[in-house]
2 protein chains.
Amino acid sequence: MTRQALTAETVLDAALTRFAARGYHGTALSEIAAALDVRTPSLYNHMRSKHDLLLTIVERTVHGVLDDFHAAVDGRTDPLERLHHAVLVYAHRHATHRREALVVNRDTSSLEEPHRTTMQDLRREHEHALRAIITDGVRQGRFDVGSPALASFAIREMCVSTARWFSDDGPLTAEQVAREYTEFALTIVGVGRYASS
Amino acid sequence: MTRQALTAETVLDAALTRFAARGYHGTALSEIAAALDVRTPSLYNHMRSKHDLLLTIVERTVHGVLDDFHAAVDGRTDPLERLHHAVLVYAHRHATHRREALVVNRDTSSLEEPHRTTMQDLRREHEHALRAIITDGVRQGRFDVGSPALASFAIREMCVSTARWFSDDGPLTAEQVAREYTEFALTIVGVGRYASS
DNA sequence: CCTACCGATCGGTAGG
DNA sequence: CCTACCGATCGGTAGG
């Protein structure tokens, strides 16, 4: 069994695994090095600092979420269709990118300024965009829910938490979970079963 | 402004605040001491170790959740009523005990064995008890949901995440949020609006 | 990629 | 409740 080449990407991947399992502050660089079968100083040929590893992980993930969201929603005008696809893609991402989701949720607050604020603003952007879909749907009389903000939080966090329990070895695929969660989301905003294209 | 007396409870409360804000591994005992305006060694008159602070916080919180659950559910037989009250009390607790919820969710995994396993088993006990209510409801034909496990996860995590965004200064009280979330939960299991006693 | 090493900080103890 | 201090470990650098 030959050892894999040490690159910026393999270091990031090992960091991602360890940060997800133990948290940023709970992970020592020596553990990441050990996982790659090298000594700690060797990591510095492929990264700038421990903080930079976290920053790269959070940046990629947050931008990935926003890209997914726009790919799912842009070009659609029907609030029901927009919500459907936004939730489908968001839930799916959290089942298929569990480590990234866990790290972003747990450790974005550990970023140094100004990165912390920048990343939190980007996350809020997605949050507001999802809420706007619900608000639109209510205004157009397509959705029925008392508090769009509350419904938005519930739907978001329901999807996010998929990262905490989903397993590739479980009875359901990521696609199946995403579809079921999309139905949950639609019932929360007061829409019954919905067969989409 | 006279400084409050240093006791086991004031130390625990300061630890709770800091752990919730920065995480267990991200918090130094010196920060807890500074918040109480004493030096680090003084803390040891009121605690055994940093780990013991975390253990006490997690133990109390997890047992509190289970106590709440049994007080809400025991003696009721109707699945719809049982789910209604279980969710109401669970959501309410996460809005009113935000720090505790954040620490348990983030840092239970940082407990040393055997405590880590013990606490995770207790959390699982609550998870399974909630799921059993849904399974019962489905079996009795009162609920309509494809996967009771999935519905249970969605409802649980929706409630848990309240701790991440709820604010006492917001437009909704903890009671209002809990009631709305209970409605969300009931729609997820396929029950319409439900006026309970 | 390594060995050798740095200053800083950590949780915790001694002793009063 | 404090000062003084401990060994261990941390992220990171020098230099090859």
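The values are calculated or read from the model by the stated rules, or taken from the named source; none is laboratory data. Because the structure is predicted, anything quoted here is derived from the model rather than measured. Using ideal geometry, Cβ is built from the backbone for each residue, glycine included, and neighbour counts are taken over all protein chains shown. Accessible surface is based on the protein model in full, side chains and every heavy atom, while ligands, DNA and RNA are left aside. Shrake-Rupley method; radii C 1.70, N 1.55, O 1.52, S 1.80 Å.
Looking only at residues in segment B:1-40 that are outside any helix (DSSP H, G or I) and of a type in the set (A, V, I, L, M, F, W, C), the one that is nearest to DNA strand C (Cβ to nearest atom) is B:A28. Among the residues of segment B:67-77, is there at least one that is more than 13 Å from DNA strand C (Cβ to nearest atom), over 23 Å from the mean Cα position of the chain (by Cα) and either closer than 30 Å to B:Q140 by Cβ or at pLDDT below 95 (or both)? Yes, because at least one residue in segment B:67-77 is more than 13 Å from DNA strand C (Cβ to nearest atom), over 23 Å from the mean Cα position of the chain (by Cα) and either closer than 30 Å to B:Q140 by Cβ or at pLDDT below 95 (or both).
Condition (residue is within 14 Å of chain B (Cβ to nearest Cβ) and either touching an Asp or Glu at 6+ places or on another chain (Cβ under 9 Å) or more than 15 Å from DNA strand C (Cβ to nearest atom) (or both)) applied to segment A:45-62: is it met by at least one residue? Checked segment A:45-62: at least one residue is within 14 Å of chain B (Cβ to nearest Cβ) and either touching an Asp or Glu at 6+ places or on another chain (Cβ under 9 Å) or more than 15 Å from DNA strand C (Cβ to nearest atom) (or both).
Looking at B:D67, is it surrounded by fewer than 20 Cβ atoms within 10 Å (Cβ to Cβ), among the acidic types (D, E) and in a helix (DSSP H, G or I)?
Values: surrounded by fewer than 20 Cβ atoms within 10 Å (Cβ to Cβ): yes; among the acidic types (D, E): yes; in a helix (DSSP H, G or I): yes.
When the stated conditions are applied, B:D67 passes them.
Considering every residue within segment A:134-141, establish whether at least one is out of contact with any helix residue (DSSP H, G or I) (no Cβ under 7 Å at 6 or more places or on another chain), charged (D, E, K, R) and in the same structural domain as A:R60 (by TED's automatic domain parsing). Yes, there is a match, as at least one residue in segment A:134-141 is out of contact with any helix residue (DSSP H, G or I) (no Cβ under 7 Å at 6 or more places or on another chain), charged (D, E, K, R) and in the same structural domain as A:R60 (by TED's automatic domain parsing). The set of residues in segment B:132-151 being away from every other protein chain (no Cβ under 12 Å) and touching a Lys or Arg at 6+ places or on another chain (Cβ under 9 Å) consists of B:I133, B:D136, B:G137. Going through (1) within 16 Å of DNA strand D (Cβ to nearest atom); (2) in contact with a Phe, Trp or Tyr (Cβ under 9 Å, 6 or more places away or on another chain); (3) among the hydroxyl-bearing types (S, T, Y); (4) not in a loop (DSSP other than H, G, I, E, B) one by one, A:T56 falls short only on (2).
In segment A:25-37, the residues that are without any contact (Cβ under 8 Å) to a residue 12 or more places away in the chain reach residues that are open to solvent by less than 40 Å² (accessible area, probe 1.4 Å) with C-beta atoms within less than 6 angstrom, at least six apart or across chains, in these pairs: A:A33/A:L43. Please work out which one of (1) within 13 Å of DNA strand D (Cβ to nearest atom); (2) surrounded by fewer than 19 Cβ atoms within 10 Å (Cβ to Cβ); (3) under 23 Å from the mean Cα position of the chain (by Cα) is the condition B:V11 fails and give its number. With (1) within 13 Å of DNA strand D (Cβ to nearest atom); (2) surrounded by fewer than 19 Cβ atoms within 10 Å (Cβ to Cβ); (3) under 23 Å from the mean Cα position of the chain (by Cα) applied to B:V11, the lone miss is (2).
The residue list A:L43, A:L6 contains one member that is out of contact with any Gly (no Cβ under 7 Å at 6 or more places or on another chain) and open to solvent by less than 20 Å² (accessible area, probe 1.4 Å), which is A:L43.
Okay, residues lined up against (1) of a type in the set (S, T, Y); (2) in contact (Cβ under 8 Å) with a residue 40 or more places away in the chain; (3) at the interface with chain A (Cβ under 10 Å from one of its Cβ atoms):
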{"residue": "B:L130", "(1), (2), (3)": "no, yes, no"}
{"residue": "B:F153", "(1), (2), (3)": "no, no, yes"}
{"residue": "B:V160", "(1), (2), (3)": "no, yes, yes"}
{"residue": "B:W165", "(1), (2), (3)": "no, no, yes"}
{"residue": "B:D168", "(1), (2), (3)": "no, no, no"}
{"residue": "B:P171", "(1), (2), (3)": "no, no, yes"}
{"residue": "B:A174", "(1), (2), (3)": "no, yes, no"}
{"residue": "B:A185", "(1), (2), (3)": "no, yes, yes"}
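Exactly one residue out of B:A35, B:A28 is within 14 Å of DNA strand D (Cβ to nearest atom), within 14 Å of chain A (Cβ to nearest Cβ), surrounded by fewer than 17 Cβ atoms within 10 Å (Cβ to Cβ) and of a type in the set (G, A, S): that is B:A28.
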